[in-house]
Amino acid sequence: MAHDHRELSVSARGLTRGFGGRVVLDGIDLDIRRGEFVALLGRSGSGKSTLLRAIAGLDAGVPGSGDLQVPANRSVVFQDSRLLPWARVLDNVVLGLEGPDPRARGRAALAEVGLAGRERAWPTQLSGGEQQRVSLARSLVRGPELLLADEPFGALDALTRIRMHALLLELCRVHRPAVLLVTHDVDEAVTLADRVVVLDSGRIVRDVDVVLSEDRVERAAEHAAYRESLLAALGVEHTPAG
């Protein structure tokens, strides 16, 4: 999938990474357009997190090669919110934030994720979902061109996940970062992404544009078709949704 580099947020060509003599990424070519939401699926050990960490610039010292172009302004959201327990919520959001009036921007970001009034709370006073909202606020307050998310909702209960999906989509609509979401959840990938990429043994084996109808009945049938196709690409036998 080739694009004009001016519209790309991420461009990877021939990307390889290895650990202990084992090839983890085996010649990855991947483009992510500005404002595009891409979900990355794959079984455990397929290279998902390795690819995300390479794009995030968090794999210094890992053997590898290839050409990788990414924006300098990027943020990462992990499954663990990684909040500093000794710092209040607002202080976590604005930690290291540069530019004018960081605290006002931090308060605005917390309001965007539904946590206005919780600025002085300690992380331990928040639920898991609330902690991930703080983590999102901390990432988005920096106005990233690229948002990288490594299974950010994997530890949340089902209802909280649904609420976080809606919140993430709304925040992306407003801020328009390119997004790379690593997930093991096929339904999450189809619900959130413009495009789903499937990794297997360090190689991209599927790259699918997701287009869903507005009509609820049609949308459900389309979602099910994408789900079955992606499960097949993952080598998983079809199981009914729900």
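The values are calculated or read from the model by the stated rules, or taken from the named source; none is laboratory data. What you are looking at is a predicted structure, and each value in this text was computed from that prediction instead of being measured. Backbone-built Cβ (ideal geometry, glycine too); neighbour counts: all protein chains shown. Keep in mind that these areas ignore ligands, DNA and RNA; they rest on the heavy atoms of the full protein, side chains included. Shrake-Rupley method; radii C 1.70, N 1.55, O 1.52, S 1.80 Å.
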For this session: For region 161-178, enumerate the residues that are assigned to a helix (DSSP H, G or I) and either open to solvent by less than 10 Å² (accessible area, probe 1.4 Å) or more than 16 Å from residue 144 (Cβ to Cβ) (or both).
Result: 161, 162, 163, 164, 165, 166, 167, 168, 169, 170, 171
Exercise. Are any residues in region 70-102 surrounded by 13 or more Cβ atoms within 10 Å (Cβ to Cβ) and in contact (Cβ under 8 Å) with a residue 60 or more places away in the chain, and if so, which ones?
Worked result: 70, 71, 74, 75, 76, 77, 78, 79, 80
Seminar exercise, completed: Note on residue 62: of the conditions (1) buried (at least 16 other Cβ atoms within 10 Å of the Cβ); (2) aliphatic (A, V, I, L, M); (3) in a loop (DSSP other than H, G, I, E, B), unmet is (1)
Exercise. Somewhere in region 123-135, is a residue touching a Ser or Thr at 6+ places or on another chain (Cβ under 7 Å), of a type in the set (Val, Ile, Thr) and assigned to a helix (DSSP H, G or I)?
Worked result: yes
For this session: Kindly indicate the residue of region 49-59 that is open to solvent by less than 70 Å² (accessible area, probe 1.4 Å) and touching an Asp or Glu at 6+ places or on another chain (Cβ under 8 Å) and also nearest to residue 186 (Cα to Cα) among those meeting that condition.
Result: 49
Exercise. Hey, any hits in region 73-89 for a residue that's more than 19 Å from the chain's Cα centre (by Cα), among the charged types (D, E, K, R) and at pLDDT below 95?
Worked result: no
Seminar exercise, completed: Apart from one, (1) part of a strand (DSSP E or B); (2) farther than 21 Å from residue 184 by Cα all hold for residue 96; the odd one out is (1)
Exercise. From the residues in region 200-233 that are in a loop (DSSP other than H, G, I, E, B) and closer than 15 Å to residue 188 by Cα, which one is nearest to the chain's Cα centre (by Cα)?
Worked result: 210
For this session: Pick out the one residue from 126, 148 that is modelled with pLDDT of 95 or more, within 29 Å of residue 70 (Cα to Cα) and open to solvent by less than 40 Å² (accessible area, probe 1.4 Å).
Result: 148
Seminar exercise, completed: In region 179-227, residues that are aliphatic (A, V, I, L, M) and either open to solvent by less than 30 Å² (accessible area, probe 1.4 Å) or in contact (Cβ under 8 Å) with a residue 60 or more places away in the chain (or both) total 16
